[in-house]
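The values are calculated or read from the model by the stated rules, or taken from the named source; none is laboratory data. Computed from a prediction, not measured in an experiment: that's the story for all the values here. With ligands, DNA and RNA removed, areas are computed over all heavy atoms of the protein, side chains included. Shrake-Rupley method; radii C 1.70, N 1.55, O 1.52, S 1.80 Å.
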Amino acid sequence: MNSPSPHDGRFTMLIDAVYKAATDRDGWRPYLDLVSQTFGSVAAMRIARSSNLTDVRSAEATIDPDYLDRYYRHYAGKDPMSERDRVAASPPIVVQEALISMADLRRTEFHADWMRPQGLDLSMRWRVDAPMGVMDLLLLRPESAGAFSADEQALSHALLPHLRRAIIIANRLNVFDAADAASLDAFERLGAGVLLVDARRTIRFANGVAETMLEAGDGLSSTGGRLCAGGASDQRLTRAIADAAGQGRYAAGRTATLVAVPRANSPNPLSVAVSPYSEARRSLFDGGPLALVIVGMPDRRAAFPVEALRDLYDFTPAEARLAVALCNGTSLADHARASGVALTTARTHLTSIFLKSGENRQADLIRRLMNDPVLLLAR
């Protein structure tokens, strides 16, 4: 193998593959497949909290799954390289023969029970100090393939900085993805529709609740991929979005513009809040400023889990069912009749609910439950 250069085809393909993996979590296996082909080996990536490998978890591997499972259950940290690390730190790129002779390796349990059954004898390790801990990329191949040459080690050294940057990029993207997923999940649980639209009202994103609203077409709809509202509220919505995605986004102390959107199938309008989408959340390639549109349904029925009410307020199952019914507008008498209990029994349950919740009026009880963010997120 010749020394790598920017014009080396293998070098270029490996760099392309590692940066693709950084932005696509499904790209790590193809990257390892390419590494394996380049070095005539099998490959595995392992990630641990620290270099002592006490908490090893697999990222990806081209190794037989059964042997990979056995490695992480029993042999993690028992290979010669890991044992050497406990005595002295090894360089970022290290080959096995620099640490232990082949004769000594063959006498180890690791070689006899794990490497040899797979036809593997030689190994080379790339180590990266990553944000989530220590990342090792292991290359293993049979002795018949020959020791890892100086050219192969040079290629490894040239690739290592790119692997390190790719891991940092992947970690940051995962953090952003987790934050976005948590925010969207919260809105979904609260029953709120969330959309991102540009100044021309083109819908760039809609969560599940918003998509359901748009498909129903009652109040809000999508026409040619643009967000539209019924009647005169369409003009107000258009101005609010244009302002939020235009110069209005720079206004000091900027708050959301609220728009009530009437519906044909309900006397209660949709509550729509339009505000600028944070410039800090956009990338250079997002295509311009965006407006964040949050849509609430005032007549959405409460769907609190009985278990959540029991955990938070110590309600009995019967009390929890009554509380949910009251939040959904059912009268005490109607709930008693539907539940097959006497009205006096229902009143006893309500009295107990008041004592446990600290409220003494039905309206205050409903307001408290409907505005409890933990309870809303529990459904």
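Leaving out ligands, DNA and RNA but keeping every protein chain, what accessible area does residue 74 have, in Å² rounded to the nearest 10, with a 1.4 Å probe?
The value for residue 74 is about 80 Å².
If DNA, RNA and ligands are ignored and the probe is 1.4 Å, what is the ranking of 101, 266, 144 by accessible area, most exposed first?
Details: 101 50, 266 15, 144 110 Å².
My answer, sorted largest first, is 144, 101, 266.
Arrange the residues 241, 100 by how much accessible surface each exposes, largest first, with a 1.4 angstrom probe.
Working: 241 0, 100 35 Å².
So the residues, ranked largest to smallest area, are 100, 241.
Three principal axis extents, largest first, for the C-alpha atoms of region 23-164, in Å?
42, 32, 31
At 1.4 Å probe size, what's the solvent-accessible area of residue 67? Round to the nearest 10 Å².
Answer for residue 67: close to 40 Å² accessible.
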